[in-house]
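The values are calculated or read from the model by the stated rules, or taken from the named source; none is laboratory data. Note that the structure is a prediction, hence the values are computed from the model and not measured. With ideal geometry, Cβ positions are generated from the backbone for all residues, glycine too; neighbour counts draw on all protein chains shown. Calculation scope for accessible area: heavy atoms of the full protein, side chains included, ligands and nucleic acids excluded. Shrake-Rupley method; radii C 1.70, N 1.55, O 1.52, S 1.80 Å.
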Amino acid sequence: MRVPAKILLPLLVVLGVTVFALTAVNGRSAPAADEADPQDVLVTIGGDEVSRAEVEAAADENLRSVEMQLLQCQAQASQNRHRALEVAIDQMVQDRLVEQAAAAAGEDPESWKAKQLEQAKAEISEQELSDWYNQNRSRLRGATLEQVEPQIREFLATQAFYSSLRDEADVEVFLEPFRVDVAAGDAPSKGPTDAPIQIVEFSDFECPFCQRVTPTLDRVVAEYGDKVRLAFRQYPLDNIHANARKAAEAALCAHEQGEFWKMHDVMFSEQKELGVEALRDKASRIGLDSEKFNECLDSGRYAEQVEEDFRAGVLAGVSGTPAIFVNGRPLSGAVPFEQMAEVIDEEIERLGLDEGQ
């Protein structure tokens with residue numbers, strides 16, 4: 001069965017980039033990292049020799065960027081592979097259900113499906129069209145309901161048609177949802193460390209979407225109680241947010257005094273004021289010991305921890321913020337509560353937890 005091109009082509013591109021980066025340099029096989037002698041001379045300047053170690057030190061920032069790109073490619077390839085399997089399963093299920101239902105009706109599968117879809121389209125109400133349009137208006141680039149009504153009707157009818165086929169059939173899918181091995185570690189968190197639902201958020205204090213998802217996460221913690229642990233890991237996007245990395249350090253300095261979440265809340269509520277002096281002011285206003293906080297921030301004590309969090313995010317496939325993992329299942333962007341709750345409920349059901357537990 002064919003995998004749709006919109007899934008297959010990005011997958012091949014990602015895999016191709018990863019394989020190329022791993023196996024070829026200027027058309028030759030790349031040597032293993034430990035085969036390159038740091039004392040190798042890579043250039044001489046007026047008789048002075050410059051070693052590989054010196055060149056790599058000078059290129060450190062760019063090399064780090066390349067390494068991060070490679071890790072992101074590998075993580076994305078893994079997720080794309082799983083998505084390709086999901087798409088293939090969905091298509092196979094749909095095709096088989098149509099074949100079985102058409103055979104039971106004594107009709108040709110394509111003719112039978114066309115008839116059923118036409119009937120499903122006729123049953124889509126004006127209210128359903130309007131509701132879908134209003135919920136997705138921001139994605140439609142200014143198109144009016146009249147302009148996109150045929151496409152919306154087709155989409156809703158197709159969904160309803162295949163949903164009804166699945167509801168009437170015995171379909172079991174044993175492919176596990178895609179998961180990433182990402183841990184909370186010692187990150188600031190809310191909820192029991194042994195909670196069955198572990199939520200890890202990678203976030204940036206200057207990111208407006210991270211600010212937007214915060215009420216959703218607060219609601220999750222409030223409604224699911226001890227079933228959930230929420231951990232916050234740092235993922236400052238330095239290329240677009242000049243103050244994000246120091247803000248991340250400030251949050252961990254506040255955590256040192258037991259007030260991470262207070263600092264978290266005030267930084268998100270005053271997101272346009274995250275310069276060093278503004279961070280000092282916030283720390284003072286929430287009752288931190290200013291001398292200890294300032295010493296912590298000035299020393300860069302948590303710079304390495306921020307970098308470790310960032311690297312963990314890259315390994316998990318994070319490329320933007322907020323990135324949220326529910327028992328390892330990735331959710332990207334400021335997802336609404338309903339979408340997050342759906343994943344949490346699936347995990348609760350998978351673990352066999354009763355409502356009272």
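See the values below:
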read-out	value
Pair list, Cβ under 9 Å, 6 or more apart: the range 275-295 residue free of Cβ contacts under 8 Å to residues at least 40 places away in the same chain and on the phi > 0 side of the Ramachandran plot, other residue among the acidic types (Asp, Glu) and open to solvent by 40 Å² or more (accessible area, probe 1.4 Å)	Gly287/Glu259
Count - residues of the range 176-230 that are of a type in the set (A, V, I, L, M, F, W, C), open to solvent by 50 Å² or more (accessible area, probe 1.4 Å) and not in a helix (DSSP H, G or I)	1
Gln76 being modelled with pLDDT of 80 or more and farther than 27 Å from Ala169 by Cα	yes
Which numbered condition Arg139 misses (of (1) at pLDDT 95 or above; (2) out of contact with any Cys (no Cβ under 6 Å at 6 or more places or on another chain))	(1)
Hits in the range 43-57 - residues which are among the hydrophobic types (A, V, I, L, M, F, W, C) and either under 40 Å from the mean Cα position of the chain (by Cα) or open to solvent by less than 70 Å² (accessible area, probe 1.4 Å) (or both)	Val43, Val50, Ala53, Val55, Ala57
Enumeration of residues in the range 143-196 that are over 30 Å from Tyr302 (Cβ atoms), out of contact with any helix residue (DSSP H, G or I) (no Cβ under 6 Å at 6 or more places or on another chain) and of a type in the set (Ser, Thr, Tyr)	Thr144, Thr158, Ser163, Ser164
Qualifying residue in the range 319-340 (condition: modelled with pLDDT under 95, within 27 Å of Pro192 (Cβ to Cβ), crowded, with 21+ Cβ neighbours inside 10 Å and aliphatic (A, V, I, L, M))	no
Sole residue being of a type in the set (A, V, I, L, M), in contact with a Leu (Cβ under 7 Å, 6 or more places away or on another chain) and open to solvent by less than 90 Å² (accessible area, probe 1.4 Å), chosen from Leu71, Leu63	Leu71
Pro150 open to solvent by less than 90 Å² (accessible area, probe 1.4 Å) and over 33 Å from the mean Cα position of the chain (by Cα)	no
Which listed residue, of Arg137, Arg166, is closer than 30 Å to Ala323 by Cα, under 33 Å from the mean Cα position of the chain (by Cα) and open to solvent by 60 Å² or more (accessible area, probe 1.4 Å)	Arg137
In the range 293-311, the residues that are buried (at least 20 other Cβ atoms within 10 Å of the Cβ) and of a type outside the set (Phe, Trp, Tyr)	Cys296, Leu297, Val306, Asp309
